[in-house]
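One structure is given here, and the rest of the page talks about it.
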Amino acid sequence: MAAQTADALANLKVKDPEAVMASAAAAKANGESKAPEAEDSDDDEDEKAPGEGGAEGAAKKKRKRKRKPKKAGGAVPTKQSSPPRVLLSNLFPSGEYPVGQEEEYRDENLFRTTNEEKRHLDRMNNDFLQEYRQGAEIHRQVRQWAKQNIKPGQSLTEIAEGIEDGVRALTGHPGLEEGDNIKGGIAFPTGLNLDHIAAHYSPNAGNKTLLSKDNVMKVDFGVHINGRIVDSAFTMAFDPMYDNLLEAVREGTNTGIREAGIDVRLGEIGTAIQETMESYEVEINGQTYPVKCIRNLNGHDIRQWQIHGGKSVPIVKSNDQTKMEEGEVFAIETFGSTGNGYVRDDYETSHYAKKVDAPKNATFRVSSAGKLLHVINKNFGTLPFCRRYLDRLGQEKYLLGLNNLVSSGVVEAYPPLVDKKGSYTAQFEHTILLRPTVKEVISRGDDY
């Protein structure tokens, strides 16, 4: 490179060779083989008078090279960034996304694995499967980043927005234009539930809560593509004394997944989950606690744009004879506690959702309620949302109207659910698809 720089200086007709040397050095630092000015030096030589050596000038003309056009757009990314901002479809240009964990059905449904009619039905569902698998891969990539980067001392708002920004970037749906969030993106508010708070807690504007090294935090977030919701959750703790609590709940969820399947009765799944989870105990600060299933929290089926479809999967012994059916999608989630094993409403509400069966001709006491309902219909439909999402859309002074929508039965409020103070709770959750041939744990990853 040094020899090329000297030749370039000799051929150039400039008044400031030191400036050119500096430019050449910069080009070298950028990995270029020749300084930009050197590409133009042939033009100067081509303009020599014949008396200055016409033959030599002709030879130089033959050696003149055309500039190569620069490629537009740069290189296509081949891996995810940190924080995650690369559109997932750019990483999977074929449109085929990773398959979740496939498990064969058992007993009388084992025939489904090889039955040609069921295999044909499975192939007919390819678009449905790819939408779910895309959402699941986004969930895996975002939560991988979250697990590596969430640290004590961060605010809950910072953590929630970091997860949500990742989901929006990878789906390609920022959610700021009317209707964009209904096409894809955030499926429901990010739950960051500390210690005795089991579910439905997301920071509202102005929340100053900081994550502590002593906290047990449930991280529950969802991704959707065209209303196909992937609902998955995990628990983080920074002190190993909580490990048995986390293991009990994780294994409870795995038991529920293992027992689930076409024609399985929901009550039987709850019995198996309870037997697994409540076989554990945990020692915290020198005191031993039995791990209890939170008996009034359940898993649930999922429908398009509807996080709770109508069926509940109990996590304790139950006589529910309702069966799982082919083609259904379920969130298998379990909650364990060192407290009472029972939750109640408490604290300020952040989660809301328009009811699927909301009255169409409701009248409102407050004029702002109707305007807010229009915003909800256009941006969320029946997908859950939180107050931060309304803030993000530029809505102001909407609480009166929002409360009016709740009291009118159009919108459902979901307050945080808590066990007794001083207790600790944990949660793990996966989304499963009951395909015609196999059960696919769509959100399964290397982490849980």
Quiz item: Of the residues 186, 138, 163, which is open to solvent by less than 40 Å² (accessible area, probe 1.4 Å) and in contact with a Leu (Cβ under 7 Å, 6 or more places away or on another chain)?
Solution: 138
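What are the residues in the stretch 285-295 that are open to solvent by less than 70 Å² (accessible area, probe 1.4 Å) and more than 22 Å from residue 254 (Cβ to Cβ), if any?
286
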Quiz prompt | Residues of the stretch 303-361 that turn out to be hydroxyl-bearing (Ser, Thr, Tyr), over 26 Å from residue 271 (Cβ atoms) and surrounded by fewer than 17 Cβ atoms within 10 Å (Cβ to Cβ), as a count | solution = 1
Quiz item: Could we say that residue 401 is without any contact (Cβ under 8 Å) to a residue 40 or more places away in the chain and either in contact with a Lys or Arg (Cβ under 8 Å, 6 or more places away or on another chain) or among the small types (Gly, Ala, Ser) (or both) here?
Solution: yes
Exercise. Filter the stretch 189-229 for residues that are touching a helix residue (DSSP H, G or I) at 6+ places or on another chain (Cβ under 7 Å), small (Gly, Ala, Ser) and surrounded by fewer than 24 Cβ atoms within 10 Å (Cβ to Cβ) and give the result.
Key: 205
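To keep it simple, each residue is scored yes or no on (1) hydrophobic (A, V, I, L, M, F, W, C); (2) under 19 Å from the mean Cα position of the chain (by Cα).
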site	(1), (2)
354	no, no
359	no, no
368	no, no
372	yes, no
384	no, yes
396	no, no
412	no, no
442	yes, yes
Quiz item: Mind checking whether some residue in the stretch 396-406 is open to solvent by 30 Å² or more (accessible area, probe 1.4 Å) and within 26 Å of residue 256 (Cα to Cα)?
Solution: no
Exercise. Give me a count of the residues in the stretch 366-405 that are at pLDDT below 95 and outside any helix (DSSP H, G or I).
Key: 1
Exercise. Select from the stretch 161-192 the residues that are outside any loop (DSSP other than H, G, I, E, B), closer than 16 Å to residue 392 by Cα and not β-branched (Val, Ile, Thr) and list them in ascending order.
Key: 161, 162, 164, 165, 166, 168, 169, 180, 181, 185
Self-check item: Residue count for the stretch 230-284, restricted to those that are over 20 Å from residue 298 (Cβ atoms), in a helix (DSSP H, G or I) and open to solvent by less than 10 Å² (accessible area, probe 1.4 Å)
Solution: 1
Practice problem: Keeping to the stretch 367-424, report how many residues are of a type in the set (Asp, Glu) and under 30 Å from residue 248 (Cα atoms). | Solution: 1
Practice problem: Examine the stretch 130-150 for a residue that is within 30 Å of residue 327 (Cα to Cα), more than 9 Å from the chain's Cα centre (by Cα) and modelled with pLDDT under 95, and state whether such a residue exists. | Solution: no
Quiz item: Within the stretch 112-122, is there a residue that is among the β-branched types (Val, Ile, Thr), touching a residue at least 24 places away in the same chain (Cβ under 8 Å) and within 26 Å of residue 217 (Cα to Cα)?
Solution: no
Quiz prompt | All positions within the stretch 199-229 that are assigned to a strand (DSSP E or B) and more than 20 Å from the chain's Cα centre (by Cα) | solution = 210, 216
Practice problem: Consider residue 409 carefully, then state whether it is at pLDDT 95 or above and either under 26 Å from residue 302 (Cβ atoms) or crowded, with 20+ Cβ neighbours inside 10 Å (or both). | Solution: yes
Quiz item: In the stretch 362-387, which residue that is open to solvent by 20 Å² or more (accessible area, probe 1.4 Å) and touching a Ser or Thr at 6+ places or on another chain (Cβ under 7 Å) is farthest from residue 224 (Cα to Cα)?
Solution: 364
Exercise. Assess whether residue 325 counts as being among the charged types (D, E, K, R), touching a residue at least 24 places away in the same chain (Cβ under 8 Å) and touching a strand residue (DSSP E or B) at 6+ places or on another chain (Cβ under 6 Å).
Key: no
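Within the stretch 157-168, track down each residue that is touching a Lys or Arg at 6+ places or on another chain (Cβ under 9 Å), closer than 24 Å to residue 135 by Cβ and not acidic (Asp, Glu).
160, 163, 166
So in the stretch 412-430, with the set limited to residues that are more than 19 Å from residue 355 (Cα to Cα) and among the hydroxyl-bearing types (Ser, Thr, Tyr), which one is surrounded by the fewest Cβ atoms within 10 Å (Cβ to Cβ)?
So, considering only residues that are more than 19 Å from residue 355 (Cα to Cα) and among the hydroxyl-bearing types (Ser, Thr, Tyr), the one surrounded by the fewest Cβ atoms within 10 Å (Cβ to Cβ) is 423.
The values are calculated or read from the model by the stated rules, or taken from the named source; none is laboratory data. Since we're looking at a predicted model, the values are computed, not measured. Here the Cβ is made from the backbone with ideal geometry for all residues, glycine too, and neighbour counts use every protein chain on show. Keep in mind that these areas ignore ligands, DNA and RNA; they rest on the heavy atoms of the full protein, side chains included. Shrake-Rupley method; radii C 1.70, N 1.55, O 1.52, S 1.80 Å.
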